[in-house]
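The values are calculated or read from the model by the stated rules, or taken from the named source; none is laboratory data. Being a predicted model, the structure only gives us computed values, none of them experimental. No Cβ is skipped: glycine too gets one built from the backbone with ideal geometry, and neighbour counts run over all protein chains shown.
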Amino acid sequence: MRDFLTSDDDWIRFGPGAEAEAASLLTRLGAERVLLVCQERYRGGADRVAEALGDRAAGVFSGVTVQVPEDVAQAAVDATRQAEADWVVAHGGGSAVGVAKAVALRCDVSVGAVPTTYAGSERTRIYGLMQGGHKVTGRDDRVRPRLVVYDPELTRGLPRVLSLKSILNALAHSIEALYAVQATDRARQAARDSLAPLLDGFTGIDADPSDLEARAEATYGAYLAAEALDGASMALHHKLAHVLGGSFGTPHADTHAILLPYTLAFNAPAAPEAVAALSQAWSTDAPAGHLHGVMTAAGLPTSLRTLGLDEAAISRAAELAARKAYPNPRPLDRDGFHAVLSAALSGAAPV
Ligand code: NAD
């Protein structure tokens, strides 16, 4: 069982039961008034941390919804100001972390995170919020959590299918970091190191969602994938996921999951080092087909049709995607985007 991590420049705790250390770590970091941020349905974890913090707890904001709508961000900012908080700690998935980040853009606070999914926002300087009906993203040092407590026990509550899709979300970050046009050495190394634990976590959780060893592998892989995301530019895959989510309202995790084998297959001829890393980590000479195979075996959908898309929608999506140049190892034009989307519409094993 993986039970610890060390990091040279940040505070990260890792291991089953690590949530119990969150309060003392926050105290050691000088936190005086901590606002916890979570979804109401899953506020149990935030309440536990608040209780352990005692008089350093400044309250629990439980208004997180999916994504980061403007009104939710504003309500969290108001709660932070009212509580005079100096730390905002997200307990939850990427949506909770996103709300804490939105607060850090507008208030002078440090951010912490206790993640309960594998999406990976907790290690990045990237923020994303809805403004005027559009998702606005950017990078800002202030939003990067200073403390992250990874407790695999917390992800046991995540249902099997949601867990598998969340792992694929993390894997998409790693795969794009492997072939990114711009990436730090650290990001590429983290991406390579994440491949085996993410796939082991995927197959282990698929077999038994309560398997703590598999949960720990997935959590470790998620941490590495988040490091990869923070230090690399994203490419084709994220462009298409953004277009489909933004213009067709397809759900975030499903869109990433379905696209991934096809975006990987498209870029593979132009990304030999990425293919070599994947082949080695997964003991296969056809990583995109292998990924499609494990997804199919787990009963996950592999066609964009399951998200309500059809030929007309993907033609429109290809046009939208091609409007702006995007860094990608293989040159991209409308036909390229359309080829990837057609393959993903079919749901068949990528060639
Ligand atoms: P999320 O926080 O919306 O969680 C996904 C689902 O899991 C939700 O339905 C939630 O209710 C459920 N959930 C969360 N914790 C649970 C638990 N312990 N038990 C049961 N269910 C639980 O989203 P996510 O998948 O964690 O992250 C995706 C979001 O994060 C997207 O908005 C994405 O854009 C963002 N994101 C941002 C970054 C970044 O660096 N800024 C990185 C990755 C993802």
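Residues in region 134-183 that are outside any helix (DSSP H, G or I) and among the acidic types (Asp, Glu): 140, 151. For residue 306, the requirement of being touching a helix residue (DSSP H, G or I) at 6+ places or on another chain (Cβ under 9 Å) and either in a loop (DSSP other than H, G, I, E, B) or over 21 Å from residue 173 (Cβ atoms) (or both) is met.
What about residue 65, is it loosely packed, with under 15 Cβ neighbours inside 10 Å, among the β-branched types (Val, Ile, Thr) and out of contact with any Phe, Trp or Tyr (no Cβ under 8 Å at 6 or more places or on another chain)? So residue 65 passes the test.
In region 271-289, the residues that are touching a residue at least 12 places away in the same chain (Cβ under 8 Å) never reach a residue that is basic (Lys, Arg) and outside any helix (DSSP H, G or I) with C-beta atoms less than 6 angstrom apart, at least six apart or across chains. When region 82-99 is limited to residues that are within 11 Å of the ligand (Cβ to nearest atom) and among the small types (Gly, Ala, Ser), the one that is surrounded by the fewest Cβ atoms within 10 Å (Cβ to Cβ) turns out to be 95.
Under the condition of being more than 8 Å from the ligand (Cβ to nearest atom) and surrounded by fewer than 24 Cβ atoms within 10 Å (Cβ to Cβ), which residue from region 110-124 is nearest to the chain's Cα centre (by Cα)? That would be 111.
Counting only helices (runs of 4 or more DSSP H) that sit completely within region 36-133, those holding 3 or more residues that are over 23 Å from residue 151 (Cβ atoms) correspond to 70-83, 94-106.
Within region 140-164, can you find the residues that are within 9 Å of the ligand (Cβ to nearest atom), within 19 Å of residue 99 (Cβ to Cβ) and without any contact (Cβ under 8 Å) to a residue 60 or more places away in the chain? Hits for region 140-164 are 143, 158.
Candidates are the residues of region 232-290 that are charged (D, E, K, R) and in contact with a Phe, Trp or Tyr (Cβ under 9 Å, 6 or more places away or on another chain); the one that is farthest from the ligand (Cβ to nearest atom) is 273.
Among the residues of region 182-196, the one identified as free of Cβ contacts under 8 Å to residues at least 40 places away in the same chain and surrounded by 23 or more Cβ atoms within 10 Å (Cβ to Cβ) is 194. Within region 65-86, the set of residues being of a type in the set (Val, Ile, Thr) and more than 11 Å from residue 36 (Cα to Cα) comprises 65, 66, 68, 72, 77. Only one entry of 241, 276 meets the criterion of being buried (at least 19 other Cβ atoms within 10 Å of the Cβ), assigned to a helix (DSSP H, G or I), modelled with pLDDT of 95 or more and not aromatic (Phe, Trp, Tyr), and that entry is 241. Which condition breaks for residue 225 when tested against (1) part of a helix (DSSP H, G or I); (2) more than 25 Å from residue 145 (Cα to Cα)? Result: residue 225 fails condition (2) only. Run residue 313 past the list (1) in contact (Cβ under 8 Å) with a residue 24 or more places away in the chain; (2) assigned to a loop (DSSP other than H, G, I, E, B) and report the number of the one that doesn't hold. With respect to (1) in contact (Cβ under 8 Å) with a residue 24 or more places away in the chain; (2) assigned to a loop (DSSP other than H, G, I, E, B), residue 313 is out only on (2). Among the conditions (1) within 30 Å of residue 317 (Cβ to Cβ); (2) hydrophobic (A, V, I, L, M, F, W, C); (3) more than 13 Å from the ligand (Cβ to nearest atom), the only one that residue 216 does not satisfy is (1).
Taking region 165-180 as the range and being over 9 Å from the mean Cα position of the chain (by Cα), within 10 Å of the ligand (Cβ to nearest atom) and hydrophobic (A, V, I, L, M, F, W, C) as the test, no residue passes.
In region 34-59, the residue that is nearest to the ligand (Cβ to nearest atom) out of those that are touching an Asp or Glu at 6+ places or on another chain (Cβ under 8 Å), over 11 Å from residue 88 (Cβ atoms) and not basic (Lys, Arg) is 45. Each residue in region 317-335 was checked for being in contact with a Leu (Cβ under 8 Å, 6 or more places away or on another chain), touching a residue at least 24 places away in the same chain (Cβ under 8 Å) and in a helix (DSSP H, G or I), and 2 of them qualify.
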